[in-house]
Amino acid sequence: MRTLHPFPGGVHPPEHKLESNSRPIGSAPLPSLLVVPLLQHIGNPAKPVVEAGEKVLKGQLIGKADGYISVSVHAPTSGKVLAVEPRPVPHPSGLPALCVVIEADGEERWVERSPIDYLNLDVSEVRNRLRDMGLAGLGGAVFPTYVKLNPAPDAAIPILVLNGCECEPWITCDDRLMRERAPSIIEGARIMRHLLGAREVIVAIEDNKPEAIAAMGEACRDTDFELVVVPTLYPSGSGKQLTQLLTGREVPSGGRSTDVGVQIFNVGTAHALERAVHHGEPLISRVVTVTGNVRRPQNFEALIGTPLAELVKLTGEPREDTTGYIMGGPMMGFDLHSTAVPVVKAMNCVIARSDRLFPPPPPPLPCIRCTRCAQVCPVRLQPQDLYWFAHARDFGKAQEHNLFDCIECGCCAYVCPSHIPLVDYYRFAKSEIWAREREKKAADRARERHQFHLFRLEREKKERAEKLAQKAAAAKATAAMPNPDADAKRAAIQAAIERAKAKRAGVVPRNVEALSPDKLQEIQEIEARRAKLREVMEKSGEDQA
Amino acid sequence: MTYVSQPVSVSLIMGKVLLALGLGIAAYVVYFGPAIVISLVLASVTALAAEAFMLRLRRYPVAPFLKDGSALVTAWLLALSLPALAPWWLIVGGTLFAIVVAKHLYGGLGNNLFNPAMAAYALLLVSFPAHMTQWPAVDMLAQAHLSLAETLRYIFTGRLPAGVTVDAITMATPLDFLKTQLKLGHTVHEITRAPIYGHLGGRGGEVVALAYLAGGLFLLQQRVITWHVPLAMLAALFAAALWFHVFDPDRYVAPWFHLASGGAMLGAFFIATDPVTGPTTPRGKLIFGAAIGFLVYLIRTFGGYPDGVAFAVLIMNMAVPLIDTYTQPRVIGHGRQQERP
Ligand code: SF4
Ligand code: SF4
């Protein structure tokens, strides 16, 4: 039995899982039009490789991974590309993004599928194949799977965790998937372990999913995987909290769970990996929970690109009092701006809103420093202080108080009796800090540019001066260059000058005043010799002249 | 965005505080007569009116803020700290000061530095010491009983029924009595045999204290407050009293007497736990509570005031920013070496 290491804080909001988890996963029918965004993962958008008018097959590459953190995108069905253009996508910003619009031909003709023989292939080759299969985390964070399977060479990942916690209320797609497709998930985990070289595999499931626990336990029977049932407490399913819960290791600030030797994959990702490896299927569909204010909440396996409106229709006529749709759970999800947006890899859940299910919060009151927020913060932050700093726009202080360790889980906002939208303040503060950082960087760059400009002017001036000086020096140097002819001439001139001088002054060489008589004698002899030489020289000079 | 929230509101929290005070108030009425109810009503009406006026003045939406219940809590805590037989203007004036100055001039709900009720109490004690010591006698010891009408008349006009003197209905508090008697050279043992003492503290007062304790436990169970401040405060008061008591039992009264007397229980569970003016970190709360308990003992035993809760709380209110700064919990993912620069 593994001893659990509970993380601080956490909350237990009403689960609302029963609404949608009592029906099996339904399969959403093929829509006539699919809108496939090229950015469905964290990282660079995929580069489109098809053009309007082109015919595509189901599973055909339509967007190629671009850069290290990126994955490919595939046609969810066979048909014709109508356009490659910006369309509304499910994103908090509500801004449109580049999509490939495909008109289905209804034939569902596949490209040739080739399973990946992962046991006989080089690991890096397998990873590249997974990137080209479009695999990204299906828990909602959509981090490229192949990157997560590619730990730094020096960082061993002894523990692989299969995350089946699904701690957000309302969401049940992982629950249903575990109940219905446990063997595939476990097989996916086995492949992951092989690629990672992990020693242990832990399957973590919250104790509010007994059927999933039973099914996964059954699938784990012939493995050495450890099934760990964890208490139902939000946010157990968050990577850092799950790592702490299972191993007692705290993920260092700003780091990832891999820093403490743990790699976590969502069960849905393991399932998709199994489909990719054994069946050669790229990631073109996923299970989505459609719940909330709908008539028959249910999970559907839907093709990526299926318009949300069609998915919602499968649960019956929309209710009149529906006020909108949330993507994700009620703790960390966000409002969808329209039902024209397509299903994407990150879409684990869509909740129809109504004022009855999600009453708008009363107007916020001032913070009374009751510290309920601090008591539930899983990171042990002081949310009331962060709020105060963010509110006062004292972003430096907020940063000092570890604003960037906030995982935006919303526990604090959930318990606040003053109904302060705390997480919104943190997001605001973070984005302000980022913006300032960017501005500062831009300003730094501008200053650097300016300084470089000054430096260049200075350098050019110096260079010019140097060039001039060099020219001058060069002129001098050429003058001083040894040249036998010129030397002889110069020597002659020089000699002549000396002679003239000597004649004019009849100069006695210096330093001879205090010399001994024999020295003087010697000198005189030398002088005599030189005089003779001089005569010779003079003669030759005259000859030359 | 967080789309769901716990069904909890400031009003609900304040409501639970008021509810928890109920038991203590009931005990008060039983032992000391109905005067306290009059004080409570007076303070409540004044507080609500002052709050509404100030909110209007500061252009805040009046209704939601008035409904938060924080003004009522302040009013009740002040009324319960003042002598129940205090004249009406003392209660009204104190409440006005608490709401207008100590609360709103310091920024209103959530922003005030000092516990408004205690700030008002301290002001009144310093300004009107005589009126602040007219405590109603325990009913069974008073020579004269006042009916509700007579009490009302006394509070509003200062007139007593014919033949009744102030001395017949008021009395020194057990803490006061102890202090003055000690000065006269009596031993603790002799003094506490006086009829105003019960088993633990003052007669009647000890029951009220137990009722506050029960109310406090209710708040703990309801998670309105955490255990840190009350436990630290009572433990520190108890420890300090025990130390001196063991050292010289004739001059220093037993620790349980301190716990059951004056504002110890009310202070520990209802006043020192005021979230707005207290520290926010768990360790900070322990330090804050312990310091208050210790100061209460010092002021009671060696100081010139009858009880120390108000001053101890106010002094520690000033230290809160410092305490918070130095007791920040270690954030998950930050190594211990990074805990403090
Ligand atoms: S829970 Fe809300 S009111 Fe209480 S301290 Fe936190 S932010 Fe302030
Ligand atoms: S949202 Fe941030 S501050 Fe609030 S509880 Fe979660 S981690 Fe703590």
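Given the condition within 24 Å of A:Ser236 (Cβ to Cβ) and either of a type outside the set (Asp, Glu) or open to solvent by 20 Å² or more (accessible area, probe 1.4 Å) (or both), answer yes or no: does some residue in the range A:22-32 qualify?
yes
Cβ-Cβ under 6 Å, sequence separation 6+ or interchain: first residue in the range A:120-147 and free of Cβ contacts under 8 Å to residues at least 40 places away in the same chain, partner open to solvent by less than 40 Å² (accessible area, probe 1.4 Å) and outside any loop (DSSP other than H, G, I, E, B). Which pairs?
none
Go through the range A:144-182 and give me each residue that's open to solvent by 10 Å² or more (accessible area, probe 1.4 Å), touching a Phe, Trp or Tyr at 6+ places or on another chain (Cβ under 8 Å) and part of a helix (DSSP H, G or I).
Once the filter is applied, which keeps residues that are open to solvent by 10 Å² or more (accessible area, probe 1.4 Å), touching a Phe, Trp or Tyr at 6+ places or on another chain (Cβ under 8 Å) and part of a helix (DSSP H, G or I), the range A:144-182 yields A:Val147, A:Lys148.
Going by the conditions given, is A:Leu457 hydrophobic (A, V, I, L, M, F, W, C) and at pLDDT 80 or above?
Working: hydrophobic (A, V, I, L, M, F, W, C): yes; at pLDDT 80 or above: yes.
So A:Leu457 fits the description; yes.
Results for (1) within 16 Å of ligand 2 (Cβ to nearest atom); (2) open to solvent by 10 Å² or more (accessible area, probe 1.4 Å); (3) free of Cβ contacts under 8 Å to residues at least 60 places away in the same chain; (4) of a type in the set (Phe, Trp, Tyr), shown as yes or no for each residue.
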site	(1), (2), (3), (4)
A:Lys345	no, no, no, no
A:Ser354	no, no, no, no
A:Pro360	no, yes, yes, no
A:Leu365	no, yes, yes, no
A:Thr371	yes, no, yes, no
A:Gln375	yes, yes, no, no
A:Pro378	yes, no, no, no
A:Gln382	yes, yes, yes, no
A:Asp385	yes, yes, yes, no
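I'd like the full set of residues that are in contact (Cβ under 8 Å) with a residue 60 or more places away in the chain and either over 22 Å from the mean Cα position of the chain (by Cα) or open to solvent by less than 50 Å² (accessible area, probe 1.4 Å) (or both), limited to the range A:67-86.
Result: A:Ser70, A:Val71, A:Ser72, A:Val73, A:His74, A:Ala75, A:Pro76, A:Thr77.
Please specify each residue of the range A:390-407 satisfying the condition of being more than 9 Å from chain B (Cβ to nearest Cβ), open to solvent by 30 Å² or more (accessible area, probe 1.4 Å) and not aliphatic (A, V, I, L, M).
As a first pass, look at the range A:390-407 and keep what is more than 9 Å from chain B (Cβ to nearest Cβ): A:390-400, A:403-404, A:406-407.
Then keep just the ones that are open to solvent by 30 Å² or more (accessible area, probe 1.4 Å); that gives A:391-394, A:396-397, A:399-400, A:404, A:407.
Within the range A:390-407, A:His391, A:Arg393, A:Asp394, A:Gly396, A:Lys397, A:Gln399, A:Glu400, A:Phe404 meet the criteria.
Among the candidates B:Ala63, B:Ala79, which residue alone is away from chain A (no Cβ under 13 Å) and part of a helix (DSSP H, G or I)?
Criteria check complete, one pass: B:Ala79.
Give the number of residues within the range A:391-411 that are more than 15 Å from ligand 1 (Cβ to nearest atom) and more than 24 Å from A:Pro330 (Cα to Cα).
Qualifying residue count, the range A:391-411: 8.
Just to be sure, is A:Leu4 in contact with a helix residue (DSSP H, G or I) (Cβ under 7 Å, 6 or more places away or on another chain), more than 14 Å from chain B (Cβ to nearest Cβ), open to solvent by 40 Å² or more (accessible area, probe 1.4 Å) and hydrophobic (A, V, I, L, M, F, W, C)? Show your work before the answer.
Numbers: in contact with a helix residue (DSSP H, G or I) (Cβ under 7 Å, 6 or more places away or on another chain): yes; more than 14 Å from chain B (Cβ to nearest Cβ): yes; open to solvent by 40 Å² or more (accessible area, probe 1.4 Å): yes; hydrophobic (A, V, I, L, M, F, W, C): yes.
Yes, satisfied.
Looking at the range A:387-422, which of its residues are within 11 Å of ligand 2 (Cβ to nearest atom), farther than 21 Å from B:Pro275 by Cα and in a loop (DSSP other than H, G, I, E, B)?
Passing the criteria: A:Asn402, A:Cys406, A:Ile407, A:Glu408, A:Cys409, A:Gly410.
Going by the structure shown, is A:Cys349 open to solvent by 10 Å² or more (accessible area, probe 1.4 Å) and either touching a residue at least 12 places away in the same chain (Cβ under 8 Å) or within 16 Å of ligand 2 (Cβ to nearest atom) (or both)?
Values: open to solvent by 10 Å² or more (accessible area, probe 1.4 Å): no; either touching a residue at least 12 places away in the same chain (Cβ under 8 Å) or within 16 Å of ligand 2 (Cβ to nearest atom) (or both): yes.
It is false that A:Cys349 is open to solvent by 10 Å² or more (accessible area, probe 1.4 Å) and either touching a residue at least 12 places away in the same chain (Cβ under 8 Å) or within 16 Å of ligand 2 (Cβ to nearest atom) (or both).
Could you list all residues from the range B:253-268 that are open to solvent by 30 Å² or more (accessible area, probe 1.4 Å) and either more than 25 Å from B:Leu80 (Cα to Cα) or in a helix (DSSP H, G or I) (or both)?
The answer is B:Trp256, B:Leu259.
From B:Val73, B:Val126, B:Val100, which residue is open to solvent by 10 Å² or more (accessible area, probe 1.4 Å) and farther than 23 Å from B:Ala264 by Cα?
B:Val100
All but one of (1) at the interface with chain B (Cβ under 9 Å from one of its Cβ atoms); (2) farther than 18 Å from B:Val4 by Cβ hold for A:Ser418, so report the exception by its number.
Condition not satisfied by A:Ser418: (2).
Could you give me the residue pairs with C-beta distances under 8 Å whose first residue belongs to the range B:201-224 and is charged (D, E, K, R), whose second residue is in a helix (DSSP H, G or I) and open to solvent by less than 30 Å² (accessible area, probe 1.4 Å) wherever it lies, and which are 6+ apart or on separate chains?
These pairs meet every condition: B:Glu206/B:Ala260.
Please work out which one of (1) among the hydrophobic types (A, V, I, L, M, F, W, C); (2) within 19 Å of the chain's Cα centre (by Cα); (3) more than 10 Å from ligand 2 (Cβ to nearest atom) is the condition A:Phe428 fails and give its number.
Failed condition: (2).
Take A:Lys441 and tell me if it is within 22 Å of the chain's Cα centre (by Cα), more than 30 Å from A:Tyr325 (Cα to Cα), more than 16 Å from ligand 2 (Cβ to nearest atom) and away from every other protein chain (no Cβ under 12 Å).
Judged against the criteria, A:Lys441 is a match.
When residues of the range B:276-288 are filtered for being open to solvent by 40 Å² or more (accessible area, probe 1.4 Å) and within 9 Å of another protein chain (Cβ to nearest Cβ), how many remain? Write out each step before concluding.
Restricting attention to the range B:276-288, the residues satisfying the condition of being open to solvent by 40 Å² or more (accessible area, probe 1.4 Å) are B:282-283, B:286-287.
If we keep only those that are within 9 Å of another protein chain (Cβ to nearest Cβ) too, we end up with B:282.
Result for the range B:276-288: 1.
Do we find that A:Val35 is on the phi < 0 side of the Ramachandran plot, surrounded by 15 or more Cβ atoms within 10 Å (Cβ to Cβ), part of a loop (DSSP other than H, G, I, E, B) and touching a Gly at 6+ places or on another chain (Cβ under 9 Å) in this structure?
Considered against the rule, which asks whether it is on the phi < 0 side of the Ramachandran plot, surrounded by 15 or more Cβ atoms within 10 Å (Cβ to Cβ), part of a loop (DSSP other than H, G, I, E, B) and touching a Gly at 6+ places or on another chain (Cβ under 9 Å), A:Val35 comes out as no.
When you look at A:Pro330, is it within 16 Å of ligand 2 (Cβ to nearest atom) and open to solvent by less than 10 Å² (accessible area, probe 1.4 Å), yes or no?
Yes; evaluated as a whole, the condition is true for this residue.
Based on what the data block shows, is A:Ile433 open to solvent by less than 50 Å² (accessible area, probe 1.4 Å) and either more than 14 Å from every other protein chain (Cβ to nearest Cβ) or farther than 30 Å from A:Ser236 by Cβ (or both)? Walk me through it before giving the result.
Values: open to solvent by less than 50 Å² (accessible area, probe 1.4 Å): yes; either more than 14 Å from every other protein chain (Cβ to nearest Cβ) or farther than 30 Å from A:Ser236 by Cβ (or both): yes.
When the stated conditions are applied, A:Ile433 passes them.
Of everything in the range A:369-389, what is under 24 Å from A:Gly255 (Cα atoms) and facing another protein chain (nearest Cβ under 8 Å)? Give them in sequence order.
A:Ala374, A:Gln375, A:Pro378, A:Val379, A:Arg380, A:Leu381, A:Gln382, A:Asp385, listed by residue number.
Report, by residue number, each residue of the range B:51-70 that is closer than 19 Å to B:Leu105 by Cβ and surrounded by fewer than 23 Cβ atoms within 10 Å (Cβ to Cβ).
B:Ala52, B:Phe53, B:Met54, B:Leu55, B:Arg56, B:Leu57, B:Arg58, B:Arg59, B:Tyr60, B:Val62, B:Phe65, B:Leu66 - these are the residues of the range B:51-70 that are closer than 19 Å to B:Leu105 by Cβ and surrounded by fewer than 23 Cβ atoms within 10 Å (Cβ to Cβ).
For A:Ala390, which of the numbered conditions (1) within 17 Å of A:Arg372 (Cα to Cα); (2) touching a Phe, Trp or Tyr at 6+ places or on another chain (Cβ under 9 Å) fails to hold?
(1)
Kindly indicate the residue of the range A:333-343 that is part of a strand (DSSP E or B) and open to solvent by 10 Å² or more (accessible area, probe 1.4 Å) and also farthest from the other protein chains (Cβ to nearest Cβ) among those meeting that condition.
First, pick out the residues of the range A:333-343 that are part of a strand (DSSP E or B): A:334-336, A:342.
Checking the rest, the ones that are also open to solvent by 10 Å² or more (accessible area, probe 1.4 Å) come to A:334-336.
Values: A:Phe334: 6, A:Asp335: 7, A:Leu336: 12 Å.
Top of the filtered list is A:Leu336.
The values are calculated or read from the model by the stated rules, or taken from the named source; none is laboratory data. In this text, all values refer to a predicted model and were calculated from it rather than measured experimentally. No Cβ is skipped: glycine too gets one built from the backbone with ideal geometry, and neighbour counts run over all protein chains shown. The accessibility values were calculated without ligands, DNA or RNA, using every heavy atom of the protein model including side chains. Shrake-Rupley method; radii C 1.70, N 1.55, O 1.52, S 1.80 Å.
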